[in-house]
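First the structure, in the form of structure tokens, and then the observations on it.
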Amino acid sequence: MTKPVYLMMALYCFSFSVFADTAAEVQKTIEQNNAYTKANMKSPADPVSAQGTLEFWSSGGLMQSVPANSPVQRFENFGLTPKHIQVVTLEEGKSAVAMYYSEGAYQPEGMPMTSHYLTRVTEVYVKENGQWKVRAAHFSPVTGGEGTKQSSLD
């Protein structure tokens, strides 16, 4: 092969290695945020988009508008585990939708214990300043599982 062909092949391979795998990054973000919460009994400081997020919670309440500067949620007990995570890339390196199950028991500070939380989760992620952030979410309890005990941010 000639030098230009080698150069084109090298550039082609390099261009794909520069762009990370969005699906793997989003899955890792979900797993790391969950591990952080388990280890620290509080949610990460900034998992939400700078524009905030719109969410339907598993309590069945109305749509919630969660601002970017929401306080960190603290827990008395946290044993949730994300399972069967599937990520659909919308635009490589920019946006994706994650779908998975969240299962276990947890208790936010000052709230009753939810002992059999079992819900379907759909989250829309956007990449902001090199970090994956939640822009929208929908949590829906699976039959036989409990949803959250809260239905508003208040």
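Which condition breaks for S49 when tested against (1) out of contact with any Phe, Trp or Tyr (no Cβ under 8 Å at 6 or more places or on another chain); (2) crowded, with 16+ Cβ neighbours inside 10 Å; (3) under 21 Å from T119 (Cα atoms); (4) of a type in the set (S, T, N, Q)?
All conditions pass for S49, except number (3).
Given (1) in contact (Cβ under 8 Å) with a residue 40 or more places away in the chain; (2) closer than 15 Å to T29 by Cα; (3) charged (D, E, K, R), where does K83 come up short, assuming only one miss?
(1)
So in the range 64-81, with the set limited to residues that are among the hydrophobic types (A, V, I, L, M, F, W, C) and within 17 Å of D46 (Cα to Cα), which one is surrounded by the fewest Cβ atoms within 10 Å (Cβ to Cβ)?
Filtering the range 64-81 for residues that are among the hydrophobic types (A, V, I, L, M, F, W, C) and within 17 Å of D46 (Cα to Cα), the one surrounded by the fewest Cβ atoms within 10 Å (Cβ to Cβ) comes out as V72.
Out of all the residues in the range 37-47, is one or more touching a Ser or Thr at 6+ places or on another chain (Cβ under 6 Å), part of a loop (DSSP other than H, G, I, E, B) and over 20 Å from A105 (Cβ atoms)?
No: zero hits.
Y125: touching a residue at least 24 places away in the same chain (Cβ under 8 Å) and crowded, with 19+ Cβ neighbours inside 10 Å, yes or no?
The answer is yes for Y125.
Mind listing whichever residues of the range 82-91 are surrounded by 14 or more Cβ atoms within 10 Å (Cβ to Cβ) and more than 12 Å from V124 (Cα to Cα)?
If the condition is that a residue be surrounded by 14 or more Cβ atoms within 10 Å (Cβ to Cβ) and more than 12 Å from V124 (Cα to Cα), then P82, I85 are the ones that fit.
I'm trying to understand the selection: among the residues of the range 79-91, which are within 16 Å of the chain's Cα centre (by Cα) and part of a strand (DSSP E or B)?
T81, P82, K83, H84, I85, Q86, V87, V88, T89, L90
Quickly run through the range 38-73 and pick out the residues that are β-branched (V, I, T) and under 17 Å from Y125 (Cβ atoms).
Matches in the range 38-73: V48, T53, V66.
Mind telling me which of the residues A50, A136, A68 ends up being in contact with an Asp or Glu (Cβ under 9 Å, 6 or more places away or on another chain) and assigned to a strand (DSSP E or B)?
A136
Please verify whether the range 17-31 includes one or more residues that are surrounded by 16 or more Cβ atoms within 10 Å (Cβ to Cβ) and under 20 Å from P112 (Cα atoms).
no
Bear in mind these aren't lab numbers, they're just calculated from the coordinates by the rules spelled out. Nothing here was measured: the structure is a model prediction, and the numbers come from that model. No Cβ is skipped: glycine too gets one built from the backbone with ideal geometry, and neighbour counts run over all protein chains shown.
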